[in-house]
Amino acid sequence: MKEALRTDLDQVTVIEHAAFAVSDARGDMVSGSYHGFYVADTRYLSRYVLRIGGRRLERLSAGTPDHRQATFYLTNPPIRRLPANSVTVFRRRQIGDGLAERIRIVSYVAAPLRLRLSMQLGVDFLDIIEVLGRAPMARSVSATLVDGGVHFGYEHGGYR
């Protein structure tokens, strides 16, 4: 039996009209949960995980000044020769006509740093009822690299 999805976990939600985004307190949307970016009860983004040097960031704090935005304050775990807490990452998420996020990185190390910032993205285009446990309907989901980004596609019954 599928475990019920919990809504009392450490999460952050931003919402505006029929659009909302749910993440953990790091700002990450992890697969296998109800996390994601939804519009009109369809989940468009099901995975969004930020990493530095291949590692997930550590949470310092998260704040929501109003229902449309959130800021996540993060720091680095130890990465090779870089000690923990040497870099601070600010993720400012805002929802309106879409989902936008600004990422700012501040180094407290005296020497220049070269770090790899990566984002893992995933889509599934599930209806919210499917996310909550109903068997998903068959659909085709694709990802194609395009200049400067990724194009995600969806097809079901002639609808694209």
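The values are calculated or read from the model by the stated rules, or taken from the named source; none is laboratory data. All of these numbers come straight from a predicted model, not from anything done at the bench. Here the Cβ positions follow ideal geometry from the backbone for every residue, glycine too, while neighbour counts run over all protein chains shown. Remember, those area values only see protein heavy atoms, side chains included, never the ligands or the DNA or RNA. Shrake-Rupley method; radii C 1.70, N 1.55, O 1.52, S 1.80 Å.
Quick notes
- Simple spin-label estimate for HIS67 and ASP127 in nanometres, 7 Å along Cα-Cβ: 2.5
- Rounded FRET efficiency, nearest 0.05, which uses the C-beta distance separating ARG160 from HIS17 and R0 of 22 Å: 0.35
- Taking TYR73, TYR108, TYR44 in turn, the Gaussian network model of the chain (Cα-Cα springs below 10 Å) assigns the largest fluctuation to TYR108.
- Solvent-accessible surface (1.4 angstrom probe) belonging to MET137, in square angstrom, nearest 10: 80
- Rolling a 1.4 Å probe over the protein heavy atoms leaves VAL22 with an accessible area of roughly 10 Å².
- The shape of segment 48-95 comes out prolate: with a ≥ b ≥ c from the C-alpha gyration tensor, a/c is at least 1.5 and a/b beats b/c.
- Given charges at Cβ of Lys, Arg, Asp, Glu: segment 1-134 dipole, positive-most of SER118, GLY96, TYR34: SER118
- Taking the accessible area of segment 51-160, probe 1.4 Å, and keeping the other protein chains in place, the carbon and sulfur fraction comes to 51%.
- For segment 110-160, the square roots of the Cα gyration tensor eigenvalues, ordered a ≥ b ≥ c, give a/c of at least 1.5 with a/b no greater than b/c, which places it in the oblate category.
- Gaussian network model of the chain, Cα within-10 Å springs - most flexible of SER118, SER31, SER46: SER118
- Computed from point charges on the beta carbon alone (+1 for Lys and Arg, -1 for Asp and Glu), the dipole magnitude for the chain about its Cα centre is near 840 Debye.
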